[in-house]
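Taking it in order: structure first as structure tokens, then the write-up.
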Amino acid sequence: MTDISRNPAPAMTGAQAVAAVIARMDDPVVYGMPGGYTMQIFDGLRAHQDKVRTVLVREESLGTVMAEAHGRLTGKPAVVMGQGAWVLGNAGIGIMEAHLGCSPMVILIDATDHGSFAHLGPYQGGFGGYGAYDLPAAMRAITKRTFVATDATQALQMTQLAIKHATTGEQGPVAVIFTSRSVYGTMDLTKEPPAYLDRSYAGAPKVKAPQEDLVRIAELLAAAKSPLIIAGNGIRVAGAEDALFDFAERAQLPVVTTPAGKGTFPEDHPLALGLMGPFGHESAIAAVGGADLIIALGTKLGTSDSANYNPAMINPAKQTLIQIDIDPLNLSWTQPIDVPVNGDLADALPRLVQLVAPTASAAIERVAKLRATHGYFNRDFSSTPGNFSARDAVRVLSEELPADTVITCDAGENRLYMLRDFQSKRGGTVLQPNGGGGMGYAVPAAASAAYNFPGRSAVAVCGDGGMAMTLHGLITAVELGLKMTVVVLDNTILGWVYHGQKNRIIASEFKDFDYAAIAEAIGCNASSTHGVDEFRAAVVNSISHPGVSVIVAHTSKDDRYQEMMSSLSVGDPYAVGGDDE
């Protein structure tokens, strides 16, 4: 251990110290664009290029979404770094998504304060007051915590603390804002607090669920007649997909996922019932409503999960509710829980497996009956010549893509098609902007998946609206030499908006642009498709193509979100003017 408070040899600037802290992270990756005072930190990383991977993105929003997907897929925080003004101005989507979706992230930005001139409204000054914007206040609104470093020692320690806070408890994004003095200044080794360059401020190990709580769960399971599991995004965040699989099979429990939890349990498994919620599968909705005991794993059971707490699905007056979550604040937050358990799912589920006796229950037969009664991924193809259904395109993806594919979705109707019609397999996963729900997520998220898991298939699915927002993401993907596929469901409208407007159309129609030609000019393998057979051939071709493939599916405007609203939906709350229009 080197205590640099007592060893004056390293005359380090704050920027050099921050670079050294980044290099000590577990498999560090920096996504960003040099600017402002962060150029000094990027310069400091030159000495650590053997340890730190640096990804230059074409625009800051790509960096934050790539970092968010990185954190969700690996469980490790990536670093976002760039000039504070434009990480804030351009890149809120990934930070907000990480904050609301509990993905670890470290954000290192500057306030371009101009030192002693900070109070005089300097160009790009970010410390608030007359003539400046308030970067710390803005970042506090969309992060788990925000630090402001005013000297070199704070630059070092606050970066270390940011890594800790991003990964402790319920994970999330943590920002450090650097002043000029913190970056350019050198360590003052005569002052407190002491600095420890090669030590970590890592938090305590993940909390373990109390054994007596797990025993109680096992006892309740043994007495239940129709229990089931609701799996949420917390399963993915905990890296507990295999543990969930083992627990469900051991206890013979049907599994329903929340929208955010899609992909955490294979939907082709005989115990799977699909998605719950206002756009969920009727098989899942019926199963949840008919359960006498529900084990909610890594989910807050929020409004989008419960269809605004519709008692036809979850009813605490009639059902025993068990909830396991890493954050005690999430327990009994949205529903009164009978057995709230604070613990890490990756630890709790294997212990539950040991407590539950193998059972020959009728769960598989119960699931099969629900599927037969309500339907389950058995929608027929509906396309006709000149009328290509986006839902048919999604079914083709479900049939043709490798099982371990990382699917990334955008916001809008295209995501609903994926949630309802794409059947996830074991080893694969589905990422979506389930926290904030912003358009422009799919392409950079898929790029992150391809960058971090080069041996797996990575496929982004978006509409033409989301594609237009992230064309620069294709440039970054080509520059990185990634193998990935982008599927554009192009119907020349903002689908959800357009169909919600009904006969009151305004600001929801696009001109028809040739996205395949644009992608080809960028260096992608691109194709335009107008029907199921053409689309299937393009998908098969993309699987073997070594670079970036873009498949534009020219789809019909006839597919509407209203067709996918479940029986829990009352009217059409998304429509302009309500149901009377």
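Multiply the residue gap between R504 and I543 by 0.36 nm, knock off their C-alpha separation, and tell me the result in nm, one decimal place. The partial results should precede the final answer.
On the way: separation 39, 0.36 × 39 = 14.04 nm, distance 4.13 nm.
Residue separation times 0.36 nm, minus the Cα-Cα distance, leaves 9.9 nm.
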**Whole-Å distance, taken between Cα centres, linking the stretch 253-324 and the stretch 527-552** = 34
**Request:** Report, ordered by chain and residue number, the aspartates and glutamates lying within cross-link reach of K51, taken as a straight Cα distance under 19 Å and ignoring same-chain residues fewer than 8 apart.
**Result:** D26, D27, D43, D198
**Inter-label distance, nm, simple model (7 Å from Cα along the C-beta direction), V576/E400** = 3.6
**Asked** What FRET efficiency comes out for the pair K51/Q562, r = Cβ-Cβ distance, R0 = 56 Å, nearest 0.05?
**Response** 0.60
**Item:** Paramagnetic reach from Q211 in the stretch 323-351 [backbone N under 14 Å; point 7 Å along Cα→Cβ]
**Value:** 351
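For F42, F247, which order do you get if you count the other beta carbons within 10 Å of each Cβ and list the fewest first?
F42, F247
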**Prompt:** Which of D246, D512 comes first, and how do the rest follow, when ranked by fewest Cβ neighbours within 10 Å?
**Reply:** D512, D246
**Prompt:** What spacing in nm lies between the two simple spin-label points modelled at E534 and D198, each 7 Å away from Cα in the Cβ direction?
**Reply:** 6.2
**Complete:** the chain: relative contact order from alpha carbon pairs under 8 Å, six or more residues apart, as a whole percent, is 12
**Asked** Expressed in nm², what is the orientationally averaged projection area of the convex hull enclosing the Cα positions of the chain?
**Response** 28.2
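Kindly work out what percent of the DSSP beta bridges joining two residues of the stretch 265-406 are antiparallel, to the nearest 5. Don't skip to the end; give the middle numbers.
Details: 1 of 10 bridges.
Looking only at bridges with both residues in the stretch 265-406, the antiparallel portion is about 10 percent.
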**Item:** Ranked list, fewest to most other Cβ atoms within 10 Å of each Cβ, for V207, V552
**Value:** V207, V552
**Complete:** In nm, the gap between the two label points placed 7 Å beyond Cα toward Cβ at S361 and E249 is 1.6
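Compute the FRET efficiency between L480 and E170 as 1/(1 + (r/R0)^6), taking r as their Cβ-Cβ distance and R0 = 30 Å, and round to the nearest 0.05. Spell out each step's value before the answer.
Working: r = 31 Å, r/R0 = 1.03.
For L480 and E170, the calculated efficiency is 0.45.
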**Request:** Pull out the extension gain between D512 and T303, defined as 0.36 nm times the separation in residues minus the alpha carbon to alpha carbon distance; nm, one decimal.
**Result:** 71.6 nm
**Request:** Work out the length of the dipole vector of the stretch 211-374 about its Cα centre, built from +1 on the beta-carbon of each Lys and Arg and -1 on the beta-carbon of each Asp and Glu, and round it to the nearest 20 debye.
**Result:** 440
**Request:** Among DSSP beta bridges whose residues both lie in the chain, state the antiparallel percentage, nearest 5.
**Result:** 5
**Entries of K164/K208; K425/K557; K425/K502 with Cα pairs more than 24 Å apart** = K425/K557; K425/K502
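Coordinate-derived values only; no laboratory data. In this text the structure is predicted, and so the values were computed from the model without any measurement. With ideal geometry, Cβ positions are generated from the backbone for all residues, glycine too; neighbour counts draw on all protein chains shown.
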